[in-house]
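The values are calculated or read from the model by the stated rules, or taken from the named source; none is laboratory data. Just so you know, these numbers come straight off a predicted model, no measurement behind them. Here Cβ is always computed from backbone atoms with ideal geometry, including for glycine, and neighbour counts include all displayed protein chains.
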Amino acid sequence: MTHTDIISSIKKKEFKPVYFLHGEESFFIDEVTKVFENDILNESEKSFNFSVLYGKENDFRAVRDNASRFPMMASHQVIIVKEAQEMKSLNELKGYVEKPTPTTILLICYKHKKYDMRSAFGKALKANALVLECKKLYDNEIPKWTKNYISSIGYTIDDSALELLSEHLGSNLSKIANELEKLSINVPKGTMITPQLIQDNIGISKDYNVFELQEALGNKNTLKTHRIIKHFSTNTKKYPLMMTLASLYGFFSKLYIAAAYARSSDLEMATALGFKFRDPNKAQYAARFRVAKFKTAIRHYPKSKIEEVFSILKEYDLKYKGVGSVNTSEGELLKEMVIKILGT
């Protein structure tokens, strides 16, 4: 069961009396919540049959009492408990979960962490409710998720644009979805998304982004690297140092893996880096393009140099957090860090 399965069943009017969503990935919880808010009751039914309760402001009694009511002029009522992780008496809903009101659809949203399903309340949920743990995606799963999401809203995307989005927006699914919503306002459905469309509609430049910085550093292209960091250092709100640090750490971590496979085939290196290929007959050919930038960078950064880069990244992560750096701006820290990396 995934969040899309729940959404699909709700739209088919296939309801459960209690839903419990928990876990670190809030985006999936928010997507399901939107459907509960918009797709179960019509506007006239909502007047008497729709309630949102916040965990910080309500205890289990408020939830139980609201959920125990019967609907008025509708087949169901909908109760959404948001920020359930803030409700100290949440586990005391066990009695209601074991005997829920059949005409109430109760959604409990427990965000930012996994609930202990070994507890008495957790066992009651597993036995009587639809439970979904919303897990964070791994970094190497983000491009595939983004591509599927783009397809679900009526677009396609080329590989360079997908990589640009993934590198710039990271693993924040809500941010990715919001930025794509901006693009959908101006771009007709059915269009293939390109780097130029991303630059024009989202504001991510194909010349000034962390992906281009990675490539410039990987090639030890001093001129291009300085041009990019000059742009970054004057736009630290748009290009925060922490984002750049995380991106470079990800790139050099992959480069460290690639260096270990320097004498292997392109396909072996690509597989070690987490790339997957749908067509086995074309995998070797496709792998060559996937690993090209890493093979180029290995020539400039053997394993010993990559280890030096890790030390530099750690040093500037600490400096950004105030350790050993007094009154140094983000822009200056970025320039210092990149100059050191180029000097390895």
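Observations on the model:
- Counting the residues of the stretch 290-299 that are closer than 18 Å to L267 by Cβ, of a type in the set (A, V, I, L, M, F, W, C) and crowded, with 17+ Cβ neighbours inside 10 Å gives 3.
- Answer from A262, A270, A287 - the residue that is in contact with a Lys or Arg (Cβ under 9 Å, 6 or more places away or on another chain) and buried (at least 16 other Cβ atoms within 10 Å of the Cβ): A270
Quick grid of which residues meet (1) more than 29 Å from L241 (Cα to Cα); (2) in the same structural domain as T236 (by TED's automatic domain parsing); (3) in contact (Cβ under 8 Å) with a residue 60 or more places away in the chain:
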{"position": "D266", "(1), (2), (3)": "yes, yes, no"}
{"position": "P280", "(1), (2), (3)": "yes, yes, no"}
{"position": "A283", "(1), (2), (3)": "yes, yes, no"}
{"position": "V291", "(1), (2), (3)": "no, yes, no"}
{"position": "S304", "(1), (2), (3)": "no, yes, no"}
{"position": "E307", "(1), (2), (3)": "no, yes, no"}
{"position": "I312", "(1), (2), (3)": "no, yes, no"}
{"position": "D317", "(1), (2), (3)": "no, yes, yes"}
{"position": "G324", "(1), (2), (3)": "no, yes, no"}
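- For the stretch 300-344, the set of residues classified as within 27 Å of the chain's Cα centre (by Cα), surrounded by fewer than 16 Cβ atoms within 10 Å (Cβ to Cβ) and closer than 30 Å to D159 by Cα consists of F310 only.
- F60 vs. criteria under 22 Å from G122 (Cβ atoms) and touching a strand residue (DSSP E or B) at 6+ places or on another chain (Cβ under 8 Å): no
- Residues in the stretch 150-187 that are within 12 Å of the chain's Cα centre (by Cα) and either surrounded by fewer than 20 Cβ atoms within 10 Å (Cβ to Cβ) or among the aliphatic types (A, V, I, L, M) (or both): L165, L169, G170, S171, N172, L173, S174, K175, I176, A177, N178.
- Which listed residue, of A286, A292, A272, A297, is within 27 Å of the chain's Cα centre (by Cα), within 17 Å of E215 (Cβ to Cβ) and small (G, A, S): A292
- Identity of the residue in the stretch 40-68, more than 30 Å from the chain's Cα centre (by Cα), more than 26 Å from I7 (Cβ to Cβ) and of a type outside the set (G, A, S), that ends up surrounded by the most Cβ atoms within 10 Å (Cβ to Cβ): F60
- Residue check for K182: at pLDDT 85 or above and either part of a helix (DSSP H, G or I) or not assigned by TED's automatic domain parsing to the domain that holds F252 (or both): no
- Residue check for R118: part of a loop (DSSP other than H, G, I, E, B) and farther than 30 Å from K175 by Cα: yes
- Whichever residue in the stretch 127-149 is over 19 Å from T4 (Cβ atoms) and surrounded by 12 or more Cβ atoms within 10 Å (Cβ to Cβ) and, among such residues, is modelled with the highest pLDDT: N128
- Condition met for K237 (part of a helix (DSSP H, G or I), surrounded by fewer than 20 Cβ atoms within 10 Å (Cβ to Cβ) and without any contact (Cβ under 8 Å) to a residue 24 or more places away in the chain): no
For every residue, the table says whether it meets (1) of a type in the set (V, I, T); (2) touching a strand residue (DSSP E or B) at 6+ places or on another chain (Cβ under 9 Å).
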site: G95; (1), (2): no, no
site: E98; (1), (2): no, no
site: R118; (1), (2): no, no
site: L132; (1), (2): no, yes
site: N140; (1), (2): no, no
site: K147; (1), (2): no, yes
site: T156; (1), (2): yes, yes
site: D159; (1), (2): no, no
site: K175; (1), (2): no, no
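- Subset tally (residues that are more than 19 Å from G250 (Cβ to Cβ) and either outside the structural domain of T225 (by TED's automatic domain parsing) or not in a helix (DSSP H, G or I) (or both)) for the stretch 326-344: 5
- Looking only at residues of the stretch 155-179 that are in a helix (DSSP H, G or I) and among the hydrophobic types (A, V, I, L, M, F, W, C), we find that the one that is nearest to H3 (Cα to Cα) is L173.
- Counting only strands (runs of 3 or more DSSP E) wholly contained in the stretch 3-96, the ones carrying 1 or more residues that are in contact (Cβ under 8 Å) with a residue 60 or more places away in the chain occupy 18-23.
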